[in-house]
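Trainee: Before we start, here is the structure in question, set down as structure tokens.
The values are calculated or read from the model by the stated rules, or taken from the named source; none is laboratory data. Fair warning: this is a prediction, and the values are worked out from it, not measured in the lab. A quick note on method: Cβ atoms are made from the backbone with ideal geometry, for glycine too, and the neighbour counts reach across all protein chains shown. Heavy atoms of the whole protein, side chains included, go into the accessibility calculation; ligands, DNA and RNA do not. Shrake-Rupley method; radii C 1.70, N 1.55, O 1.52, S 1.80 Å.
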Amino acid sequence: MKTLSTDVVVVGGGATGAGILRDLAMRGFHAILLERADIAQGTSGRFHGLLHSGGRYVVSDPRSATECAEENLIMRRIHADAVEETGGLFVVTPEDPLDFSDKFINGAKDTNVPCEEISVAQALKMEPRLNPGIKRAFAVEDGAVDGWRMCWGLIESARALGSLTLTYHKVTEILSENGNVSAVICHNERTDEDIRIDCRAVINAAGPWAGQVAAMAGAHGVDVVPGRGIMIAMNHRLSHRVINRCIHPADGDIIVPAHTVSIIGTTDKAVENPDFLEIEHDEVIQMLNAGEVLIPGFKKSRAIHVWAGARPLVKDSRVSSTDTRHMSRGMAIIDHGERDGIAGMFTIAGGKLTTYRLMAKNVVDALMEHWGEDRPCITETEAVPSAQGKRTHRNSDRLAKVEKTRDHDSVICECELVTRSMIEEQLSAQPEANLDDVRRQTRLGMGPCQGTFCAIRAAGVMHEVYRRNSEHENNAAAADRTSTMLRLFTTNRFDGVYPLLYGEQMREAALNQWILQGTLDIDHLPAPSEPAKQATGDLGLLHGRPQPPKTQVIKPQPVSMTSATNEEGDK
Ligand SMILES: Cc1cc2nc3c(=O)[nH]c(=O)nc-3n(C[C@H](O)[C@H](O)[C@H](O)COP(=O)(O)OP(=O)(O)OC[C@H]3O[C@@H](n4cnc5c(N)ncnc54)[C@H](O)[C@@H]3O)c2cc1C
């Protein structure tokens, strides 16, 4: 078995793990991050996209509110390339009680969350689509954050400082000797090999899977309750700012404008297994109706994709284990030396993507204390290299870039303005990347057509690169790999479209099928070989991939387009 050695093994390549890797690297330690799939393919790539101002928690969870407000400022500085400073509004809709808004403004003062009441007229001028019946409005410093770009910024920053990141490497065993953690065994999912990594410490940042990973070291009963939430992307930006309902946190009470779309979310239900997240018909209806309360006519715009993620919530003795909505969003650190007699092993879970940096700092501080080292955290001050000297990301930036280069760089995905060179650049940094990996970093196929037009073109570009790069790969093998990758990509995209098949989206899906079947006969391509499956990551363990919904495909026109509270919404 191949053997490596390092100071610290970090398990999990979400925001928390990537933040820990960078923090360790900046304190001068060598670390190896192991991620069983791609970076931010877990919760950090399946979240709502909100850079919290803290406003959401000022009444229900004051500590999280203050942490969010403080980290919000830092995030805008160190991840300028991944954050869009949209600003946000909390509004009291005609359906909401007014008394919560007094608690809200007092809570904001007490928790130091910047918040200013503005007149209803001013709010409607800022956001003309808002429900004209709103009773009060408050401006806050919410923003939008691209989880993939943020995490990759962290990984690249850590790599430049000597750290190693191994994606598609699944941790299978955590070993200890004489009461100290000593090594981690992982399985390379692409080459089918095992690797042993000798280490002095392990930090488990496996999000909703943290309980499973802790158990590999013999630390049983780490109670991370996966709290499933669904989100729906609408086909364009319906507001300039993040729009929140000024009520106790509830389902479907936030709309985030992110890149080219608006995202409504989310629900919150405890689930057993974070690998299988169902998307229920009722929840889709519930989200669309909730959007209508904030923005009348919301349901008339096209819903283009739905997905689910699982919050890594640590079980809170104050609330029942199925009530994830009311569990604290605060972070929890477990020192397995103290808890289980496994010195040098820590688990961190809970928190928010907005507070990832603080979580990383706190767990690395705990490790420093264990080692008796005095190396302070410096992640607060130094921007990740990809963001250095940049103003915060704006949605129009890509358009400006494409307009400059359009004569020599063809656009492959028109919805998200992804060019040939963007795909080629990613493949030169990650020769093993599949179409889904490219999507996560470029947004290819994430706009209104959901890959209908661009997936085949992008696969063609990638096929050329695969052939150019691989001396030993023959044409048949490269074709096998490309068509396996395309099939995987279109299947994954369809998972998120299937629960929304009504109206225009149904027509779009039919067009998509005609193109894929009619021009490519995709269902009758030769069966993929095992090496092609491995090379493309089609491993049958794409976690987070929703199972086909329990309920039937939504029937044409299931949603009342006239009333915000139709029968289904009242359930
Ligand atoms: C529906 C929803 C909406 C949310 N919205 C927001 C929001 O708008 N703003 C916000 O700030 N926060 C939001 N959150 C919370 C936020 O997304 C999470 O707190 C955060 O992403 C958790 O990051 P993480 O790194 O701890 O976990 P993850 O991102 O889940 O990372 C854990 C990683 O561990 C990997 N892993 C698991 N097992 C193994 C193994 N055996 N070997 C190797 N790797 C392994 C997984 O593949 C995964 O990539 C939301 C969460 C949900 C569910």
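Trainee: More than 44 Å apart: what percent of Cα pairs in the chain qualify?
Mentor: Tail of P(r) above 44 Å: 15 percent of Cα pairs.
Trainee: I would also like to ask the following. Taking each pair of distinct Cα atoms in the range 395-541 once, what is the resulting Kirkwood hydrodynamic radius in Å?
Mentor: Hydrodynamic radius (Kirkwood, Cα only) of the range 395-541 equals 15.9 Å.
Trainee: Can you compute the FRET efficiency between Arg339 and Leu73 using 1/(1 + (r/R0)^6), with r the Cβ-Cβ distance and R0 = 30 Å? Round to the nearest 0.05.
Mentor: My answer for the efficiency is 0.35.
Trainee: Multiply the residue gap between Trp371 and Glu504 by 0.36 nm, knock off their C-alpha separation, and tell me the result in nm, one decimal place. Could you put the intermediate results ahead of the total?
Mentor: Numbers: separation 133, 0.36 × 133 = 47.88 nm, distance 5.92 nm.
Roughly 42.0 nm would be gained on extension.
Trainee: Now for a different question. Say R0 is 45 Å: what FRET efficiency, to the nearest 0.05, do Gln517 and His240 get from their beta-carbon distance?
Mentor: Efficiency, from the Cβ-Cβ distance: 0.70.
Trainee: Further question on the same structure: By the gyration tensor of its Cα atoms, with a ≥ b ≥ c the square roots of the eigenvalues, what is the shape of the range 153-310: rounded for a/c under 1.5, prolate for a/b over b/c, or oblate? Don't skip to the answer; put the middle values down first.
Mentor: Working: a/c = 2.82, a/b = 2.13, b/c = 1.32.
Prolate, since a/c reaches 1.5 and a/b exceeds b/c.
Trainee: Right, here's the next one. Run a plain Debye calculation on the range 172-250 (Cα atoms as equal point scatterers, no solvent) and give log10 I(q)/I(0) at q = 0.17, 0.19, 0.21 Å⁻¹, rounded to two decimals, same order as the q list.
Mentor: Treating every Cα as an identical point scatterer, log10 I(q)/I(0) equals -0.80, -0.90, -1.03.
Trainee: With a point put 7 Å past each Cα toward its Cβ, work out how far Ala429 is from Asn469 in nm, to one decimal.
Mentor: 1.3 nm
Trainee: So if I take the alpha carbon set of the range 272-420, get Rg, then get Rh from the Kirkwood formula, what is the Rg over Rh ratio?
Mentor: 1.08
Trainee: Long-range amide H contacts for Leu51: which residues qualify at under 5 Å (H placed 1.01 Å from N, peptide plane, sequence gap of 5 or more or a different chain)?
Mentor: The answer is Gly143, Ala144, Val145.
Trainee: Same structure again: Please report the antiparallel percentage of the DSSP beta bridges confined to the chain, to the nearest 5. Can you show the working numbers first?
Mentor: Details: 58 of 81 bridges.
Here the antiparallel bridges make up roughly 70 percent for the chain.
Trainee: So, one more: Pop out the carbon and sulfur fraction of the accessible area of the chain as a percent, whole number, probe 1.4 Å.
Mentor: 51 percent
Trainee: How big is the range 27-93 by Rg and Dmax over its Cα atoms, in Å?
Mentor: Radius of gyration, then largest Cα-Cα span, for the range 27-93: 15.4, 52 Å.
Trainee: How large is the convex hull of the Cα atoms of the range 196-235 per residue, expressed in Å³ as a whole number?
Mentor: That works out to 109 Å³ per residue.
Trainee: With the other protein chains left in place, how much accessible area per residue, in square angstrom, belongs to the range 1-78 at a 1.4 angstrom probe?
Mentor: Result: 26 Å² of accessible area for each residue.
Trainee: Okay, moving on. Treating only the Cβ atoms of Lys and Arg (+1) and Asp and Glu (-1) as charged, compute the dipole magnitude of the chain about its Cα centre; round to the nearest 20 debye.
Mentor: The calculation lands at about 1140 debye.
Trainee: On to the next question. Magnitude of the Cβ-charge dipole of the range 1-132, K/R +1 and D/E -1, about the Cα centre, nearest 20 debye?
Mentor: About 500 debye.
Trainee: Distance between Cα centroids, the range 442-509 to the range 201-237: provide it in whole Å.
Mentor: 28 Å
Trainee: Another question, if that's okay. Send over the semi-axes of the range 1-160's equivalent ellipsoid, whole angstrom and largest first, taken as the square roots of 5 times the C-alpha gyration tensor eigenvalues.
Mentor: Details: eigenvalues 300, 48, 35 Å².
One finds semi-axes of 39, 15, 13 Å for the range 1-160.
Trainee: For the chain, what relative contact order do you get, as a whole percent, if you take Cα pairs closer than 8 Å and at least 6 residues apart?
Mentor: In percent, rounded to a whole number, it is 18.
Trainee: Rounded, prolate or oblate: which fits the range 84-143 when a ≥ b ≥ c are the square roots of the eigenvalues of the alpha-carbon gyration tensor, with rounded for a/c under 1.5 and prolate only if a/b beats b/c?
Mentor: On the way: a/c = 2.21, a/b = 1.14, b/c = 1.94.
Since a/c reaches 1.5 but b/c is at least a/b, the shape of the range 84-143 is classed as oblate.
Trainee: Which of the listed residues, Thr6, Gly55, Gly17, is farthest toward the dipole's positive end in the range 4-62, when Lys, Arg count +1 and Asp, Glu count -1 at the beta-carbon?
Mentor: Projecting each Cα onto the dipole axis, the largest value belongs to Gly55.
Trainee: So what are the three principal axis dimensions of the range 375-459 from its Cα atoms, in whole Å, longest to shortest?
Mentor: 50, 30, 25
Trainee: Report the label-to-label distance for Arg394 and Asp409 in nanometres (one decimal), using points 7 Å from each Cα along the Cα→Cβ vector.
Mentor: Between Arg394 and Asp409, the simple spin-label model gives 1.8 nm.
Trainee: Distance check, please: which entries in Lys300/Lys533; Lys135/Lys300; Lys109/Lys135; Lys299/Lys404; Lys269/Lys401 exceed 31 angstrom between their Cα atoms? If you can, show how the numbers build up before the last one.
Mentor: Numbers: Lys300/Lys533 40 Å; Lys135/Lys300 24 Å; Lys109/Lys135 21 Å; Lys299/Lys404 36 Å; Lys269/Lys401 41 Å.
In this structure, Lys300/Lys533; Lys299/Lys404; Lys269/Lys401 exceed 31 Å between Cα atoms.
Trainee: Counting helices only, and only those DSSP H runs with n ≥ 4, report the 222 nm mean residue ellipticity of the chain as the sum of -39,500 (n - 2.57) divided by its residues, in deg cm²/dmol to the nearest 500. Walk me through the intermediate numbers first.
Mentor: Numbers: 16 runs with 189 residues, N = 571.
Computed ellipticity for the chain at 222 nm equals -10000 deg cm²/dmol.
Trainee: Name the lysines eligible as straight-distance cross-link partners of Lys361: C-alpha to C-alpha under 20 Å, and not fewer than 8 places from it in the same chain.
Mentor: Straight-line reach from Lys361, under 20 Å: Lys352.
Trainee: About its Cα centre, what dipole magnitude does the range 379-528 give when the only charges are +1 on Lys and Arg Cβ and -1 on Asp and Glu Cβ, stated in debye to the nearest 20?
Mentor: 380 debye
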